[in-house]
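First the structure, in the form of structure tokens, and then the observations on it.
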Amino acid sequence: MTGLHFVERLRDLVGDVEVVLSDIWGVVHNGLESFPEACEALHTYRKGGGTVILITNAPRPAESVQRQLQKLGIADDTYDAIVSSGDLTRLYVADHPGRKVFWLGPERDNSIYRGLNPVLSPLDEADYIVCTGLLDDETESAEDYRPMMTQALGRKLTLICANPDIVVERGDRLIYCAGAIAELYREMGGEVIFYGKPHRPIYERAIALAAEHGGHEIKLNRVLAIGDSVRTDLAGAHSFGIDCLFVTRGIHSDEFEGIDQLDPASIKELFGHPPRALMRDLRW
């Protein structure tokens with residue numbers, strides 16, 4: 001294994017790339033404001049003939065994610081399609097009609113059920129749990145939900161995690177996501193089904209949309225993932241068999257402060273499986 005360097009420009013990496021699968025939160029915005037250079041990089045890549053599929057662990061349908069991007073000033077022509085973990089969770093709910101759902105998450109995620117008419121119920125009557133997040137992610141952590149998870153474990157309920165992220169940026173802070181609760185429940189012995197990165201279904205859906213857009217089969221050696229999370233973006237790309245450009249300005253920014261290149265030992269410690277390249281901020 002050789003050292004790993006930072007690159008300055010996306011254009012230096014995509015000469016042989018037909019499809020970019022880009023993370024959203026941490027790459028093109030931080031939840032409060034967009035990153036204009038990152039958006040311009042994806043837009044310019046598309047103008048050159050490339051396909052951009054945004055893949056996100058947002059626990060909402062793609063059209064809801066699109067509206068959020070529009071509010072942040074991110075133009076629709078920045079990308080070709082969006083695939084969300086919320087979409088995949090919706091498929092699970094749709095495939096289990098009449099089953100009682102205990103929904104754990106904030107009211108802002110209610111679009112995940114749009115058009116599905118699920119049977120929402122208290123935990124002590126539910127057949128399974130859908131977790132889209134913490135009720136108050138400004139003040140709570142997964143540990144606040146241990147008593148609830150203990151009750152769920154006693155009933156042997158399956159937890160459907162609609163956002164496998166543990167934490168995400170909100171401005172200059174990190175806040176906990178549904179993945180933190182799901183991992184707690186899994187560690188306690190509960191059954192968890194994860195939708196979203198790093199799990200395979202979200203990548204399969206993204207490649208299918210890219211193939212539909214391009215009108216031909218997509219070879220994985222011509223796909224580049226972009227993300228800022230070792231646990232989701234990098235691990236998911238590696239497991240699926242595609243390269244990853246790792247953006248360090250996101251949730252791991254403190255670990256890369258003042259570093260210009262990584263030696264083999266540091267690469268193994270930080271990443272396990274190394275990305276194709278590092279970039280501090282996505283730019284063309």
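Quick note: the coordinates plus some simple rules give every number you see, no bench work behind them. All values derive from a computational prediction rather than experimental measurement. FYI the Cβ positions are ideal-geometry reconstructions off the backbone, even for glycines, and counts take in every protein chain you see.
For the reader, a short list of remarks on this structure follows.
- Under 5 Å, built H, 5+ apart or other chain: amide partners of TYR195: CYS161, ASN163
- Simple Cβ-charge dipole of the stretch 1-59, Lys/Arg +1 and Asp/Glu -1, about Cα centre, in debye nearest 20: 120
- Cross-link pairs LYS71/LYS100; LYS47/LYS268; LYS197/LYS268; LYS100/LYS156; LYS47/LYS197 - those with Cα-Cα distance over 25 Å: LYS71/LYS100; LYS47/LYS268; LYS47/LYS197
- Distance cut-off 20 Å, percentage of C-alpha pairs in the stretch 133-250 lying past it: 52
- One compactness figure for the stretch 149-214 is 1.40, namely its Cα radius of gyration divided by 2.2 N^0.38 Å.
- In this Cβ point-charge picture (+1 for Lys and Arg, -1 for Asp and Glu), the stretch 6-111 has a dipole of about 460 debye about its Cα centre.
- Residue by residue, the stretch 195-201 carries 3J(HN,Hα) couplings of 10, x, 5, x, 8, 4, x Hz when phi is fed to the Karplus relation 6.51 cos²θ - 1.76 cosθ + 1.60 (θ = phi - 60°); x denotes Gly or Pro.
- Computed from phi, the 3J(HN,Hα) profile of the stretch 78-92 under the Karplus parametrisation 6.51, -1.76, 1.60 (θ = phi - 60°) reads 6, 8, 9, 6, 10, 10, 10, 5, x, 4, 5, 5, 4, 4, 5 Hz, with x in place of Gly and Pro.
- Residues whose amide H lies under 5 Å from that of CYS244, counting only those 5 or more places away or on a different chain, are ALA225, ARG276, ALA277; hydrogens are built 1.01 Å from N in the peptide plane.
- Normalised by 2.2 N^0.38 Å, where N is the number of residues, the C-alpha radius of gyration of the chain stands at 1.00.
- Largest GNM mean-square fluctuation among PRO106, PRO198, PRO274, using the chain with Cα springs under 10 Å: PRO106.
- As a length-normalised measure over Cα pairs under 8 Å and 6 or more apart, the relative contact order of the chain settles at 25 percent.
- J(HN,Hα) series, the stretch 99-110, from Karplus relation 6.51 cos²θ - 1.76 cosθ + 1.60, nearest Hz, glycine and proline x: 7, 7, 10, 9, 9, 10, x, x, 4, 5, 8, 5
- Taking the Cα atoms of the stretch 1-139, the ratio Rg/Rh between the radius of gyration and the Kirkwood radius comes to 1.07.
- Listed peptides 182-190, 150-158 by packing density, highest first (mean Cβ within 10 Å): 182-190, 150-158
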